[in-house]
Amino acid sequence: MNQNLSLYRIFYTVARSGNISRAADELFISQPAVSKAVRKLEQSVGCALFTRSSRGVQLTEDGELLYSHVKSALQTLESAENQLRLRHELGMGQLRIGVSSTLCKYVLLPSLKDFVKLHPHLRVTITCQSTSHTLQMLEEGELDLGLTGKPERLGSLSFSPVMQIQDTFVAAKEYLDNFCRFAGQDGASPFASGSAGTLSLLEHGVLMLLDRENLTRQYLDVYLRENGLFPENILEATSMDLLIDFARIGLGCAGVIREFVLPDLENGTLRELSLPFSIPPREIGFVYREGQLKPEAAAGLIRGTARAWDSCQTP
């Protein structure tokens with residue numbers, strides 16, 4: 001750009017007001033200074049930008065073309081200035097969140113509506129991915145917040161819990177009945193506490209689990225190994241929603257989070273296995289780097305997510 005930005009601002013003001021006198025008043029400079037700036041810009045671009053009359057000025061065809069671009073450029077600059085102002089008022093200009101698709105749907109989504117209303121000028125970006133990828137991006141400063149299960153090792157990260165979840169195994173009654181029948185275990189119901197039927201189902205039936213990068217899968221793998229269970233038939237999926245759908249149509253037994261299948265358990269679509277050993281509950285919360293994140297907006301999201309989850313669980 002060959003000209004000082006102030007010449008374009010003067011040109012824009014004159015074009016918008018259609019009058020050099022009014023433009024001078026708006027810009028708090030003299031009329032001769034406005035006229036001189038317009039002539040200087042016309043000399044620079046090599047064409048007349050205005051036609052002049054006793055009633056004021058009017059853009060030429062070339063002037064209209066330049067005006068459309070100058071208007072867009074100045075509006076962009078004004079938008080940037082507003083974002084900078086809001087960035088300092090809010091303490092941050094954007095909030096980058098990493099979360100698995102499952103936790104995004106069941107935990108984060110219910111709180112986002114109120115959060116966005118409270119912070120309409122905050123740009124929120126959400127990246128759905130595995131927990132391990134989210135933690136890596138947090139360490140590298142590419143995310144501000146991660147919604148995950150509590151990591152075994154936090155390192156330089158901090159964890160703020162919002163809820164507890166319970167891992168469990170579920171299946172459709174039809175699948176359970178068929179498995180017992182073909183396994184010759186009609187009297188060993190998988191719903192009986194500590195039954196041989198449950199152990200046989202987990203080890204020899206179709207066990208549907210999330211892929212190995214997922215924290216829930218890793219947690220269940222540890223549970224199975226610690227209790228001497230080594231499944232022979234594993235069907236892997238990339239999302240818990242898929243596991244739940246597979247379980248509903250009777251493909252096998254799915255390792256899921258109980259809170260996310262409560263409606264299916266209540267209406268009988270799915271049945272929960274009575275496990276021979278209890279699986280300890282886990283914490284879900286927000287992970288972040290101390291000192292990287294301004295607390296105001298992020299703390300509001302953490303509190304809002306906890307409240308939204310509590311209200312969803314309250315009958």
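State whether one or more residues within the stretch 261-275 are in a helix (DSSP H, G or I), polar (S, T, N, Q), at pLDDT 80 or above and not assigned by TED's automatic domain parsing to the domain that holds Gly141.
Initially, the stretch 261-275 is screened for residues in a helix (DSSP H, G or I), giving 262-267.
This time we only want the ones that are polar (S, T, N, Q), so: 267.
Checking the rest, the ones that are also at pLDDT 80 or above come to 267.
Next cut, not assigned by TED's automatic domain parsing to the domain that holds Gly141 only: 267.
Yes, the stretch 261-275 contains a residue that is in a helix (DSSP H, G or I), polar (S, T, N, Q), at pLDDT 80 or above and not assigned by TED's automatic domain parsing to the domain that holds Gly141.
If I ask for residues that are modelled with pLDDT of 85 or more and in a helix (DSSP H, G or I), which ones from the stretch 114-139 would you list?
Residues satisfying the conditions are His133, Thr134, Leu135, Gln136, Met137, Leu138.
Output the number of residues of the stretch 238-292 satisfying the condition of being of a type in the set (S, T, N, Q) and closer than 19 Å to Leu109 by Cβ. I'd like the intermediate steps shown before the answer.
From the stretch 238-292, those of a type in the set (S, T, N, Q) are 238-239, 267, 269, 274, 278, 292; that's our starting set.
From the residues that got through so far, the ones that are closer than 19 Å to Leu109 by Cβ too are 238-239.
Residues that pass the stated criteria total 2.
In the stretch 197-248, which residues are of a type in the set (A, V, I, L, M) and not in a helix (DSSP H, G or I)?
The initial filter retains those residues of the stretch 197-248 that are of a type in the set (A, V, I, L, M), namely 199, 201-202, 206-210, 215, 220, 222, 224, 229, 234-235, 237, 240, 242-244, 247.
Answer for the stretch 197-248, where residues must be of a type in the set (A, V, I, L, M) and not in a helix (DSSP H, G or I): Val206, Leu207, Met208, Leu209, Leu210, Leu229, Ile234, Leu235, Ala237.
Please identify the pairs in which a residue from the stretch 68-90 that is in the same structural domain as Thr13 (by TED's automatic domain parsing) and under 22 Å from Val14 (Cβ atoms) has its Cβ atom under 9 Å from the Cβ atom of a residue that is at pLDDT 90 or above and among the aliphatic types (A, V, I, L, M), counting only partners at least 6 apart or on another chain.
Val70/Ala15; Lys71/Ala15
With at pLDDT below 90 and not assigned by TED's automatic domain parsing to the domain that holds Ile97 as the only criterion, which of Ile257, Ile279 stands out? Let's see the steps before the verdict.
On the way: Ile257 fails: at pLDDT below 90.
One residue alone meets the criteria, Ile279.
The values are calculated or read from the model by the stated rules, or taken from the named source; none is laboratory data. These numbers come from a predicted model, not from an experiment. For neighbour counting, all protein chains shown are included, and Cβ atoms are generated from backbone atoms with ideal geometry for every residue, glycine included.
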